[in-house]
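What follows is a short report on a single structure.
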Number of protein chains: 2
Amino acid sequence: MSFSVSILATGSELLDGRVVDTNSNFVARELSELGLKLRRVLTVDDDMSELVGGLSRLSEVSSIIITSGGLGPTSDDLTRDAVASFAGVGLFECPVALKHVEEFFAKRGRALDETNRRQAVMPVGSRIITNERGSAPGFITQGENGAIVCSLSGVPREFQQMFRSSVLPLIKQQCGDVPLIHRATFKLLGVPESSLAKVIEALKLPEDVVVSYRAAFPEVHLVLKSARADLTEFVDQARTALGRGNTYTEDPEIPFVGALQSALELKQLTIATAESCTGGMAAELLTRTPGSSRIFRGSVVAYHNDVKEQQLGVLASTLAQHGAVSAETVREMAQGVRDLLKSDIGVAISGVAGPDGGSDAKPVGTFFVGVSSPHGSFEQRCLYSNERQNVRVYASYVALDLVRRHVLGLPLPAGYPIWLAA
Amino acid sequence: MSFSVSILATGSELLDGRVVDTNSNFVARELSELGLKLRRVLTVDDDMSELVGGLSRLSEVSSIIITSGGLGPTSDDLTRDAVASFAGVGLFECPVALKHVEEFFAKRGRALDETNRRQAVMPVGSRIITNERGSAPGFITQGENGAIVCSLSGVPREFQQMFRSSVLPLIKQQCGDVPLIHRATFKLLGVPESSLAKVIEALKLPEDVVVSYRAAFPEVHLVLKSARADLTEFVDQARTALGRGNTYTEDPEIPFVGALQSALELKQLTIATAESCTGGMAAELLTRTPGSSRIFRGSVVAYHNDVKEQQLGVLASTLAQHGAVSAETVREMAQGVRDLLKSDIGVAISGVAGPDGGSDAKPVGTFFVGVSSPHGSFEQRCLYSNERQNVRVYASYVALDLVRRHVLGLPLPAGYPIWLAA
């Protein structure tokens with residue numbers, strides 16, 4: 001049997017539809033980075049015979065089985081018992097795990113009770129997987145027939161930390177001969193995947209340069225991978241094809257707000273937002289990364305028109321003549337918030353997020369962005385027909401992308417979505 | 001074997017991470033409406049032995065197996081061959097299916113080639129499932145051991161149409177005697193799952209009342225299910241055990257912000273937020289639901305202390321003496337935003353979101369909430385040790401939960417997280 005990884009996802013909530021299994025996709029993507037593919041994913045209920053049977057069948061074709069879920073303190077958390085049964089061993093209370101659970105509760109000013117103490121129990125012979133984000137530690141257990149079982153919390157943020165810290169190194173060590181993969185990443189915002197795919201396909205890159213796309217709304221990330229020692233030629237071709245300013249970073253680790261924050265710090269500029277339909281989302285994005293106080297002054301969420309007038313100084317005549325969703329209004333909002341909060345840059349958003357409030361002239365999904373800065377001001381009108389929350393996310397990102405381009409002196413797109421020149 | 005439904009999801013794209021399997025969750029939710037739960041979900045690669053083996057194992061525990069994917073015209077579309085092999089029959093070209101495929105291509109002005117003609121082929125004895133949204137028809141096939149296989153397109157919009165038009169009626173007809181499941185839901189905010197589990201376990205509910213929990217940070221939802229005609233007695237017990245005010249709704253369809261919006265509308269009160277560490281997130285939450293303009297005036301995100309002083313009227317002496325993260329500061333922020341934006345209620349948040357900026361007196365995760373209203377004002381100090389974005393989400397929800405309780409005259413908790421009295 002060649003090296004392979006399978007997943008046993010457990011939990012009623014996956015089978016009755018309350019929760020979508022995102023952990024399997026996470027593992028699949030992590031493995032694809034190594035040039036590996038998942039062998040099987042099996043989802044079963046919190047039931048001993050289903051769990052033990054699942055482990056047994058997966059072990060026939062898998063070197064490593066990752067279980068997700070069932071490590072909590074309650075009676076339907078059966079993973080530790082199932083893995084012990086599969087491995088043909090008993091259970092023990094792991095002192096290191098107990099210490100972790102105790103510390104977790106102590107930090108929160110809580111005494112440990114018998115129920116929670118159960119989380120320190122694991123199959124005999126297991127190695128602990130530290131859970132830095134939750135109370136339940138995981139464990140790695142060798143099965144009778146050679147398969148290794150890695151049991152992780154089912155909570156995605158805990159699952160991801162535990163996978164990266166303990167399972168990924170094990171996989172890398174076990175699979176051994178995976179070829180070193182050279183890669184290049186381009187992160188873009190507001191460019192439809194189909195448009196990106198079209199310009200990249202037109203390059204007719206050689207077959208051994210593998211092209212993949214990841215949509216992370218409203219972003220899309222392009223990755224080129226190859227076993228070649230030098231990808232420079234093809235990276236240059238892609239860079240030219242994508243056009244100046246559309247790629248906000250080529251560093252896979254930098255999120256969009258990180259790139260924007262760096263741009264503002266580089267130019268020593270501060271920013272403030274004035275938001276209507278986005279309700280504070282652009283401000284929230286700007287404050288996600290530590291250190292945002294160096295560039296962010298604050299925001300006025302002017303949901304009611306009174307607030308637009310009284311706080312931001314939008315003229316009553318502007319609202320009456322052009323409406324709250326207009327280039328004229330966002331211009332005055334951007335200027336107003338810049339003056340009020342004493343920032344270098346003011347950015348304003350007003351739109352029709354829906355589902356109601358649209359008109360023929362300004363259908364649902366219409367929004368305006370205004371930017372005011374020492375280097376000038378401009379407005380952009382966009383239409384993004386989608387459901388309410390997506391329109392709001394889209395508008396927030398577009399507003400900040402326009403600021404990024406303006407600050408760095410990059411060309412502004414003709415509109416969003418951005419259709420690349422094929 | 002009691003009636004049960006499983007899924008065999010097929011396709012490389014599910015195992016290499018390019019696509020998240022949303023079809024399984026769709027089926028799970030459709031089944032839960034009937035009081036049914038999926039039995040198993042198995043995801044395998046486009047490989048004959050994996051497919052036939054998967055069908056065979058699932059048929060041991062399933063009355064109906066739904067396959068998704070593998071109906072296309074290319075060489076890795078193997079579902080029709082696998083189902084035929086599983087059922088022990090040959091293949092035939094179905095005239096009705098051929099007509100559908102021909103019409104699909106004709107409508108798009110394309111001639112049918114041999115490759116696409118393959119999509120009209122299905123196992124002998126199968127019944128066609130019309131695909132109204134794509135070119136590949138599906139089919140329903142009886143397996144040798146009694147299990148029925150329903151093969152659908154893997155494209156979600158095609159899968160959903162085919163499931164609803166052909167598979168759902170079959171399930172309803174087959175399951176016949178499935179007991180109607182009575183259920184009760186309790187949605188809580190800021191209560192750890194372990195604390196909730198402890199009080200519910202102490203009730204010692206009868207075994208046929210199935211208890212499940214779903215964590216949806218920072219919420220946890222409790223569901224009681226039973227085949228009993230009357231759950232009232234146990235619902236009442238749970239309601240008492242959970243304590244007054246901790247359940248924000250018993251309606252599974254109402255999100256937290258919806259419950260808060262209803263409370264404010266009921267009392268005809270408007271709200272405004274003054275936010276520091278949360279950067280506008282509470283305002284963003286308040287504006288997620290349509291109709292939020294009826295209760296939400298706006299927000300001042302006072303990230304910089306200048307903004308706290310100049311816009312919200314926080315005294316320089318308050319900031320100097322108590323710091324920006326203090327009960328005194330959030331009291332003045334809440335009062336200030338209420339006056340400034342002319343809302344009935346002002347709610348303010350200031351905290352140390354981290355990862356830096358903590359001290360012994362105010363470690364990372366410390367935050368203060370202030371509420372100012374016509375009925376009085378109060379402040380609450382909380383500590384939630386976690387990573388930056390989670391502290392921000394937690395603080396935003398806690399602030400709005402305190403407003404909900406205050407508006408409805410419900411008791412305020414001693415602190416967050418809320419540890420229920422066991």
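Throughout, read-outs are computed from the coordinates displayed, never taken from laboratory work. Because the structure is predicted, anything quoted here is derived from the model rather than measured. Cβ placement follows ideal geometry from the backbone for every residue including glycine, while neighbour counts extend to all protein chains displayed.
Work out the FRET efficiency for A:Arg127 and B:Arg157 from their Cβ-Cβ distance, taking R0 = 35 Å, and round it to the nearest 0.05. It would help to have the intermediate numbers written out before the result.
Details: r = 45 Å, r/R0 = 1.28.
Between A:Arg127 and B:Arg157 the formula returns 0.20.
Spin-label model, A:Lys37 to A:Arg108: label points 7 Å out along the Cα-to-beta-carbon direction sit 4.1 nm apart.
Relative to the other identical copies, A:Gly35 shows label-point distances of 5.5 nm, where the label point lies 7 Å from Cα along the Cβ direction and values run shortest first.
Once you reduce region B:290-314 and region B:60-117 to the center of their Cα atoms, the two points are 59 Å from each other.
Quote the FRET efficiency, to the nearest 0.05, computed for A:Trp419 versus A:Gln237 with a Förster distance R0 of 22 Å and r equal to the Cβ-Cβ distance.
Numbers: r = 20 Å, r/R0 = 0.89.
For R0 = 22 Å, the calculated efficiency reads 0.65.
Over all directions, the projected convex hull of the C-alpha atoms in region A:349-422 averages 5.5 nm² in area. For region B:5-175, the alpha carbon positions stretch 44, 35, 31 Å along the principal axes, listed from largest to smallest.
Radius of gyration over Kirkwood radius for chain A, both on Cα atoms: the Rg/Rh ratio is 1.06. How about region B:19-104: which GluC sites (Glu not before Pro) there lie in a loop by DSSP and see at most 16 other Cβ atoms within 10 Å? Sparse-neighbourhood loop GluC sites (Glu not before Pro): B:Glu60.
Rounded to the nearest 20 Debye, what is the dipole magnitude of chain A about its Cα centre when Lys and Arg each give +1 and Asp and Glu each give -1 at the C-beta? If you can, show how the numbers build up before the last one.
Working: 41 positive and 47 negative charges, 201 e Å.
Using Cβ point charges on Lys, Arg, Asp and Glu, chain A gives about 960 debye.
Remark on the protein assembly as shown: ratio of C-alpha radius of gyration to 2.2 N^0.38 Å is 1.00. Using the Karplus relation 6.51 cos²θ - 1.76 cosθ + 1.60 with θ = phi - 60°, the per-residue 3J(HN,Hα) values for region A:216-227 come to 9, 2, x, 9, 9, 10, 9, 10, 9, 10, 7, 8 Hz, with x marking Gly and Pro.
Position B:Leu412: other-copy label points at 4.7 nm, ordered by increasing distance, label point 7 Å along Cα→C-beta. When B:Gly313 is represented by a point 7 angstrom out along its Cα-to-C-beta vector, the spacings to that point in the other copies are 2.2 nm, nearest first.
For B:Val301, the residues 5 or more places off, or on other chains, whose built amide H falls under 5 Å of its own are A:Ser299, A:Val300, A:Val301, B:Glu275. Taking the Cα centre of the protein assembly as shown as reference, the dipole from Cβ charges on Lys and Arg (+1) and Asp and Glu (-1) amounts to some 1280 debye.
Taking every alpha-carbon pair under 8 Å whose residues sit at least 6 apart, region A:256-408 reaches a relative contact order of 24 percent. Comparing A:Ala111, A:Ala28, A:Ala215 in a Gaussian network model of chain A, where Cα atoms under 10 Å apart are tied by springs, the biggest mean-square fluctuation is seen for A:Ala111. Think of it as helices only: each DSSP H run of n ≥ 4 in the protein assembly as shown is worth -39500 (n - 2.57), and spread over all residues that comes to -10500 deg cm²/dmol at 222 nm.
Contact order, relative form, for chain B: 11 percent (alpha carbon pairs under 8 Å, 6 or more residues apart, mean separation divided by residue count). Converting phi to 3J(HN,Hα) with the Karplus coefficients 6.51, -1.76 and 1.60 and the offset θ = phi - 60°, region A:306-318 yields 3, 5, 4, 6, 6, 8, 9, x, 5, 6, 4, 5, 5 Hz in sequence order, with x at every glycine or proline.
The packing ranking, built from the mean of other Cβ atoms within 10 Å per residue, places the peptides B:139-151, B:184-196, A:219-231 in the order B:184-196, B:139-151, A:219-231, highest first. Across region A:182-249 the C-alpha pair distances fall into 5 Å bins from zero in the proportions 4, 17, 34, 27, 14, 5, 0 percent.
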